[in-house]
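Notes for the one structure printed next.
The values are calculated or read from the model by the stated rules, or taken from the named source; none is laboratory data. Remember, it's a predicted structure, so these values are computed and weren't measured experimentally. Note: ideal-geometry Cβ built from the backbone for every residue, glycine included; neighbour counts use all protein chains shown.
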Amino acid sequence: MINKIKQYVGIMPAIFVIGFFMFIPILIIVTYSLLEANPYGGVNWNLTTEAYTKILYERDLFDEISFNSAYLVIIFRSIWIALITVILCLVAGFPVAYYIAIQPPSRRNFLILLITVPFWTNLLIRTYSWILVLRDTGLVNNSLQVFGITDTPVKLLYTEGAIALGLIYTYIPFMILPIYASLERLDVKLIEASRDLYATRWITLRKIILPLSMPGIVAGSILVFIPALGAFIAPELLGGGQKLMLGSLVQLQFSSARNWPFGSALAVIILIVVMLALMLYARNAHKNNSEGTIH
Amino acid sequence: MGKASKMDLQKRNTLIAGITATIIACTSPASADGDLFIYNWTDYTAPDLITKFESETGISVTLDTYDTNETLLAKLKSGAKGYDIVVPSHNFVEIFVTEGLLQKINAADMPSYKNLTANFKSPPWDKDNQYTIPWQWGTTSFTVDTEVYDGDINTYEILFQPPSELQGKIGMFKSADEVISMAQISLGLSLCNENPEEMRQVLDLLQTQKPFVKVYNSDGILERLTSGDTAIHQNWNGYSIRAREAKASMRYAFPKEGVITWADNLAIPKGAKNLDNALKFIKFMMQPENIAIQSNFAGYSNGITGSQEFFTDKLKAAQELSPPEGTPMVFTKTCSEKAIKLQSKVWTTLLQ
Amino acid sequence: MAQKTDIRTLPGFRLATIGFFIYLYIPLLILVVFSFNATHSATVWDGFSLNWYAKAFDNSDIRRAAWNSLVVATFATIFATSFATMAALALARNHQIKHKPVFNGVLMLPLMVPEIVTAVATLTFFSVIGLSLGLGNIIIAHTVFCIPFAYLPIRARLHGMDKNMEIAAQDLYASKWATLRYVTLPLLTPGIISGAMLAFIISIDDFIITLMVAEAGSTTLPIYIYSLVRIGITPEVNAVSTILLCISIIFVTISYLVEKKR
């Protein structure tokens with residue numbers, strides 16, 4: 001018995017901390033989502049599923065229920081933007097992670113640290129700096145005009161491109177670092193073997209390097225996707241705040257809309273979606289693992 | 001390898017030292033005359049004021065800041081502790097009181113109560129000033145760059161049906177109630193409207209305006225105005241002074257349809273540990289020479305008679321503090337649940 | 001090693017990396033430049049001055065906020081990274097543990113809930129159990145939130161690691177602890193460093209959770225800065241950010257030199 005407990009000693013601190021300080025708050029959220037909203041914020045202790053039906057249906061004046069797509073639109077837009085962010089971070093981040101991983105060790109750590117340096121400054125300040133670069137009177141437009149490439153400013157700020165730029169800027173270290181961690185001790189012999197067998201560089205990349213970096217890519221994608229789903233600073237500042245994102249929608253419920261149950265219900269939905277996605281992934285990974293362990 | 005284990009030991013030592021340091025930092029020594037924890041909006045407390053209060057009373061003041069009434073409400077409702085003074089807006093006072101988050105201060109019994117101006121004695125949101133005294137009051141309308149548009153600015157028309165010079169150069173707040181209230185006044189509808197048909201008109205107005213809006217954001221207004229990113233921006237009068245100081249062509253509008261007016265108030269949350277010191281601070285702030293320091297700093301009016309004497313010349317002359325005769329001043333209200341639901345529906349539809 | 005590098009390089013990757021670092025540092029360059037601006041604007045250049053640095057050093061609120069941020073981030077990083085490392089090792093190397101996917105899921109939990117919701121719920125929970133530790137409250141909340149960020153890179157590293165070294169060590173009669181100490185942990189270091197870095201930057205940048213959970217007197221830098229933007233960022237904030245950047249660059253340089261000496 002004691003032996004059995006000993007097995008679990010390693011995971012206990014993390015599980016305990018999360019279990020106590022995260023699981024109980026989640027129970028609080030689930031409870032909130034099933035209660036009635038207090039008009040002044042907080043909840044009244046009456047059970048109702050109103051918060052969940054509100055996501056899809058709205059009550060009109062005469063208390064008749066009709067389908068309402070507004071929230072669905074916001075939810076899908078956020079998922080879409082988060083997916084795009086993941087893909088762009090992967091495309092931009094993989095070469096960097098790989099390049100760093102094949103440097104000599106001392107330079108390797110230096111470059112990795114260099115990636116995290118900008119993140120010592122506040123996210124908001126960093127995003128503001130992008131406004132200075134992108135706006136009509138900003139760095140890019142001024143240079144374009146000085147060099148006579150354009151006469152009138154090109155609209156860069158408050159566009160979807162600006163949002164994407166800002167999101168990548170926010171989340172790319174969460175992609176690069178895990179990929180780097182999994183590539184760092186890439187066995188040169190594997191590449192040599194592949195090249196000896198007349199594989200081109202690109203085939204080597206696809207058949208050897210990418211599969212080896214898969215754990216890192218998956219970890220990175222999770223770390224980028226989930227926070228990006230709730231992102232709102234880049235969309236607000238660089239996109240002009242014209243469209244609500246899931247993050248702002250939830251925020252709104254706990255602030256001016258004063259509908260804590262609805263905010264909680266949205267959170268529960270996000271939680272379920274993410275959990276399902278992770279479970280699907282885990283099942284697949286398990287399958288692939290058992291197939292792939294022929295050494 | 002031996003080197004590594006030494007380093008580990010060192011690490012452990014620094015860790016222990018660090019933990020001790022934090023514990024000491026957390027239980028920072030209270031000053032002899034006690035502490036006062038003020039929780040106020042950002043950049044809304046004059047540093048000179050705090051210095052003066054500290055040197056007169058010997059109390060050591062710690063200032064924390066928040067960004068919206070909603071943050072303050074959510075925090076106090078969830079049970080945040082440790083604050084002795086909070087500064088809710090007038091339309092939130094009722095909510096804080098109903099929710100039992102404030103304690104009575106009975107300002108009317110204080111000797112300096114006579115200093116309050118007539119309109120802030122027993123205001124609609126706090127009968128007999130049982131819970132609050134006024135801190136600062138001001139208005140919300142919009143700032144226009146008269147270099148870009150030189151027509152009459154004292155009307156909501158140029159904000160909601162912008163002339164060609166201002167199209168695509170509009171900045172609005174990112175705040176449902178402030179944007180919607182303004183649209184309601186412009187349409188001549190009542191605030192905190194509970195009529196869905198009338199709220200549809202509000203939505204229509206905002207939707208026709210949306211293509212001309214460059215940005216919805218309550219932060220960084222000054223930057224957007226002075227850089228020329230926007231030429232007309234929803235704004236508070238105190239910040240509009242700063243915009244004019246940065247660029248002389250900036251004018252603050254007092255729309256003839258009515259100007260939104262608000263007042264922020266000093267209050268003591270329930271469970272405040274330093275009640276006596278908080279009361280001392282409230283009495284201190286009822287002295288004209290003290291509240292004037294605050295007005296000079298933030299650029300807003302106050303509710304204490306005789307404080308104007310202590311205003312700087314710059315503030316005395318500020319156009320932003322003196323609406324033209326006859327402009328209706330509309331105090332915002334505490335909205336009902338139904339009105340808030342309609343508001344958030346309009347807002348979500350506008351920005352979906 | 002140098003000749004072998006050839007074989008691993010891929011055309012264009014070097015260029016992509018250079019481009020990436022330019023992209024990463026352009027906003028910072030602007031930020032630093034404007035910290036020396038003579039006037040009140042953080043966006044329009046008006047000449048050189050050191051005023052804002054003097055002001056920032058003079059501003060006790062900023063100093064206190066920056067100090068709080070550093071203390072919180074340091075402790076949250078240490079706790080989160082050690083817990084995450086232990087958990088990752090136990091889950092990857094201990095075959096008797098059952099229900100691993102469940103434990104994995106629990107470790108991911110803090111990532112899955114939107115921040116504002118975690119914030120409100122955590123504050124409610126803290127006040128229900130009467131937890132009132134000043135900065136300690138924030139450190140606890142950040143530790144919880146940082147665990148998945150530290151855990152994922154470490155786990156990714158463990159997955160890709162060659163188990164043969166550890167098996168070899170055990171074959172040579174190294175005890176379990178000796179194997180862990182002298183073989184596994186050193187091999188795991190890049191993962192641990194990556195994880196710790198992510199945890200640190202997550203903690204030092206966190207706004208919403210900190211805003212809600214903070215007690216009186218524990219304002220951190222993000223809270224201070226977020227509330228400042230209402231009036232527009234002044235070069236004072238740029239100055240503080242530049243100082244923080246300098247601290248981080250000093251760290252980076254030291255670690256680079258230490259690395260090189262080895």
- request: Among the residues of the range B:51-95, write down those that are acidic (Asp, Glu), away from chain C (no Cβ under 11 Å) and either touching a strand residue (DSSP E or B) at 6+ places or on another chain (Cβ under 6 Å) or under 16 Å from residue B:278 (Cα atoms) (or both).
  value: B:54, B:56
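Condition (residue is in contact with a Ser or Thr (Cβ under 8 Å, 6 or more places away or on another chain), of a type in the set (Gly, Ala, Ser) and within 11 Å of chain A (Cβ to nearest Cβ)) applied to the range C:30-40: is it met by at least one residue?
Taking every residue of the range C:30-40 in turn, at least one turns out to be in contact with a Ser or Thr (Cβ under 8 Å, 6 or more places away or on another chain), of a type in the set (Gly, Ala, Ser) and within 11 Å of chain A (Cβ to nearest Cβ).
Output the residue which, of all residues in the range A:246-271 that are within 17 Å of residue A:82 (Cα to Cα) and β-branched (Val, Ile, Thr), is nearest to the chain's Cα centre (by Cα).
A:270
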query: Is the range A:129-140 home to any residue that is facing another protein chain (nearest Cβ under 7 Å), buried (at least 21 other Cβ atoms within 10 Å of the Cβ) and within 30 Å of residue C:188 (Cα to Cα)?
result: no
task: Scan (1) in a helix (DSSP H, G or I); (2) in contact with an Asp or Glu (Cβ under 8 Å, 6 or more places away or on another chain) for the single condition residue A:155 breaks and write down its number.
output: (1)
- prompt: Would you call residue C:114 at the interface with chain A (Cβ under 10 Å from one of its Cβ atoms), modelled with pLDDT under 80 and closer than 30 Å to residue C:216 by Cβ?
  reply: yes
task: Determine whether the range C:90-110 contains at least one residue that is free of Cβ contacts under 8 Å to residues at least 24 places away in the same chain, over 22 Å from residue A:224 (Cα atoms) and within 14 Å of chain B (Cβ to nearest Cβ).
output: no
field: Options B:62, B:45: the member that is closer than 20 Å to residue B:133 by Cβ and not in a helix (DSSP H, G or I)
entry: B:45
- prompt: Does the range B:186-196 hold any residues that are farther than 22 Å from residue A:39 by Cα and without any contact (Cβ under 8 Å) to a residue 24 or more places away in the chain, and which are they?
  reply: B:187, B:189
message: Any residue that is away from chain B (no Cβ under 14 Å), over 16 Å from the mean Cα position of the chain (by Cα) and in contact (Cβ under 8 Å) with a residue 60 or more places away in the chain - is there at least one of those in the range C:73-88?
response: yes
query: residue B:168: assigned by TED's automatic domain parsing to the domain that holds residue B:346, on the phi > 0 side of the Ramachandran plot and in contact with a Lys or Arg (Cβ under 8 Å, 6 or more places away or on another chain), yes or no?
result: yes
task: Being crowded, with 18+ Cβ neighbours inside 10 Å and within 7 Å of chain C (Cβ to nearest Cβ) is the filter; apply it to the range A:101-111 and report the residue that is nearest to residue C:254 (Cα to Cα).
output: A:110
message: Tally up the residues in the range A:170-224 that are in contact (Cβ under 8 Å) with a residue 12 or more places away in the chain and farther than 20 Å from residue A:85 by Cβ, please.
response: 14
message: Quick check on the range B:243-272: of everything there that is among the acidic types (Asp, Glu) and within 21 Å of the chain's Cα centre (by Cα), which residue is surrounded by the most Cβ atoms within 10 Å (Cβ to Cβ)?
response: B:264
query: Based on what the data block shows, is residue A:249 within 12 Å of chain B (Cβ to nearest Cβ), modelled with pLDDT of 85 or more and crowded, with 21+ Cβ neighbours inside 10 Å?
result: yes
message: I need the helices (runs of 4 or more DSSP H) fully contained in the range B:266-346, keeping only those with at least 1 residues that are of a type in the set (Phe, Trp, Tyr).
response: B:275-285, B:288-298
message: Take residue B:29 and tell me if it is at pLDDT below 85 and either surrounded by 20 or more Cβ atoms within 10 Å (Cβ to Cβ) or more than 12 Å from every other protein chain (Cβ to nearest Cβ) (or both).
response: yes
- prompt: Residues in the range A:45-52: is at least one closer than 27 Å to residue B:98 by Cβ, of a type in the set (Phe, Trp, Tyr) and modelled with pLDDT under 85?
  reply: no
query: With (1) at pLDDT 95 or above; (2) within 12 Å of another protein chain (Cβ to nearest Cβ) as the list, and residue B:255 as the residue in question, which single condition is left unmet?
result: (2)
Condition met for residue B:240 (buried (at least 20 other Cβ atoms within 10 Å of the Cβ), away from every other protein chain (no Cβ under 11 Å) and not β-branched (Val, Ile, Thr)): yes
task: Quick one: in the range A:261-272, of everything that is more than 7 Å from every other protein chain (Cβ to nearest Cβ) and touching a residue at least 60 places away in the same chain (Cβ under 8 Å), which residue is surrounded by the fewest Cβ atoms within 10 Å (Cβ to Cβ)?
output: A:269
- prompt: What are the residues in the range C:123-159 that are β-branched (Val, Ile, Thr), facing another protein chain (nearest Cβ under 7 Å) and farther than 21 Å from residue C:201 by Cα, if any?
  reply: C:124
task: Go through (1) of a type in the set (Val, Ile, Thr); (2) touching a Gly at 6+ places or on another chain (Cβ under 9 Å); (3) within 11 Å of chain C (Cβ to nearest Cβ) one by one and return the number of the condition residue A:163 breaks.
output: (3)
- request: Could you please tell me which pairs satisfy a Cβ distance under 6 Å, a separation of 6+ or placement on different chains, a first residue in the range C:185-214 that is within 16 Å of residue C:152 (Cβ to Cβ), and a second residue that is polar (S, T, N, Q) and modelled with pLDDT under 85?
  value: C:197/A:116; C:201/A:116
